[in-house]
1. Scan segment 26-45 and report the pairs whose first residue is more than 14 Å from Phe13 (Cα to Cα) and whose second residue is buried (at least 17 other Cβ atoms within 10 Å of the Cβ) and among the aromatic types (Phe, Trp, Tyr), with Cβ atoms within less than 8 Å and a gap of 6+ or a chain change.
2. For segment 152-197, enumerate the residues that are surrounded by fewer than 24 Cβ atoms within 10 Å (Cβ to Cβ), of a type in the set (Gly, Ala, Ser), under 20 Å from Arg224 (Cβ atoms) and out of contact with any Ser or Thr (no Cβ under 6 Å at 6 or more places or on another chain).
3. Need pairs with beta-carbon distance below 6 Å; first residue within 9 Å of Asp159 (Cα to Cα) and within segment 170-187, second of a type in the set (Lys, Arg); sequence gap 6+ or separate chains.
4. Checking the conditions here, which among Arg38, Arg27, Arg10, Arg60 is of a type in the set (D, E, K, R), part of a helix (DSSP H, G or I) and within 19 Å of the chain's Cα centre (by Cα)?
5. Of the residues Asp139, Asp219, Asp200, which is surrounded by 15 or more Cβ atoms within 10 Å (Cβ to Cβ), of a type in the set (Asp, Glu) and at pLDDT below 90?
6. Pick from Tyr123, Tyr59, Tyr105, Tyr51: which is more than 30 Å from His169 (Cβ to Cβ), crowded, with 17+ Cβ neighbours inside 10 Å, free of Cβ contacts under 8 Å to residues at least 40 places away in the same chain and not hydrophobic (A, V, I, L, M, F, W, C)?
7. Pairs, please: C-beta under 7 Å, at least 6 apart or cross-chain, first residue assigned by TED's automatic domain parsing to the domain that holds Arg56 and in segment 9-22, second part of a helix (DSSP H, G or I) and among the polar types (S, T, N, Q)?
8. Which of the residues belonging to segment 63-82 are in a loop (DSSP other than H, G, I, E, B), at negative phi and modelled with pLDDT of 90 or more?
Amino acid sequence: MLQTLDFEERAEFCSAYPDLEDSVEARDWIRLQQATCRSVLTLEDPHPDMYFYAARLQYRSGMLRHRVHEFLRQGAEQGSAKALTALGWMEFKRNEDEQAMVDAYERAAAMGDPVAMTELARYIAAVDYLRYSPGREWDYEPAFQLLEEASAMGYPLADLILGQLHGFHANMEKAETYLRSAADNGVEAAYSALERRGFDVERPADDTESRYPSHYPWDLVMYRRPEHAPEGAFVRSNTKRD
């Protein structure tokens, strides 16, 4: 198959959203994508994001996780904001280096990555999984600024956290607006947040589709936006691949 693809087709296949099904077919498909990524990275001057896509496939495969870090490091050095964001979280989880994580998020946010903006805001405002980090003060104003910018770029998780923070500050009108926007864009946690605040909620009838992994930081930085995967992508679905 690889011999029949030109460079652009290989790059497109490498960057395609990975199959998240737990099946032999899915694993075979991932291996084929990995081989394609390797061929892309051996060619002259690959796009920096190709290292991120290679890391994502390596992470998805569950094998040789140290290679994930290496791909992300290479991508970050080449200028990939996606790779830099994921590398930041990996430095925190793998090396317990909180400052390295913050530095990476700040650099990636400055490059315009809404995922980095949102994760940095989560850290600054001590929201969710970074809530219990000791020895630092919470700062809501820069967090709001980062989240509003990420929201304007269409990143649904920013809407979720904006809704949570506005609710915390008793601005229920804005809380509802942002939480409903997040829910409409696939953030399942937004439905529960609306219900806790007494708002009427109509959950989607079909609960078999993949929802946004709002509480799994690895999924957030590696898989990013599964509900916005390209048409035809195979994302935790029972649909047969053509």
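The values are calculated or read from the model by the stated rules, or taken from the named source; none is laboratory data. Keep in mind that what you see is a predicted model, and the values were worked out from it rather than measured. Note: ideal-geometry Cβ built from the backbone for every residue, glycine included; neighbour counts use all protein chains shown.
1. Listed by first residue and then by second, the contacts come to Ala26/Phe234.
2. Ala152, Gly154, Ser181, Gly186 - these are the residues of segment 152-197 that are surrounded by fewer than 24 Cβ atoms within 10 Å (Cβ to Cβ), of a type in the set (Gly, Ala, Ser), under 20 Å from Arg224 (Cβ atoms) and out of contact with any Ser or Thr (no Cβ under 6 Å at 6 or more places or on another chain).
3. As it stands, the answer is none, since no pair meets every condition given.
4. Values: Arg38 fails: within 19 Å of the chain's Cα centre (by Cα); Arg27 fails: within 19 Å of the chain's Cα centre (by Cα); Arg10 fails: within 19 Å of the chain's Cα centre (by Cα).
It is Arg60.
5. Testing whether each residue is surrounded by 15 or more Cβ atoms within 10 Å (Cβ to Cβ), of a type in the set (Asp, Glu) and at pLDDT below 90 leaves just Asp219.
6. Numbers: Tyr123 fails: more than 30 Å from His169 (Cβ to Cβ); Tyr59 fails: free of Cβ contacts under 8 Å to residues at least 40 places away in the same chain; Tyr105 fails: more than 30 Å from His169 (Cβ to Cβ).
Residue meeting the stated conditions: Tyr51.
7. That search, which allows pairs on different chains as well, returns Arg10/Thr36; Arg10/Ser39; Phe13/Gln33; Phe13/Thr36; Cys14/Gln33; Cys14/Thr36; Ala16/Gln33; Pro18/Gln33.
8. Taking segment 63-82 first, the residues in a loop (DSSP other than H, G, I, E, B) are 63-65, 79-80.
Restricting the remaining residues to those that are at negative phi gives 63, 65, 80.
Matches in segment 63-82: Ser80 only.
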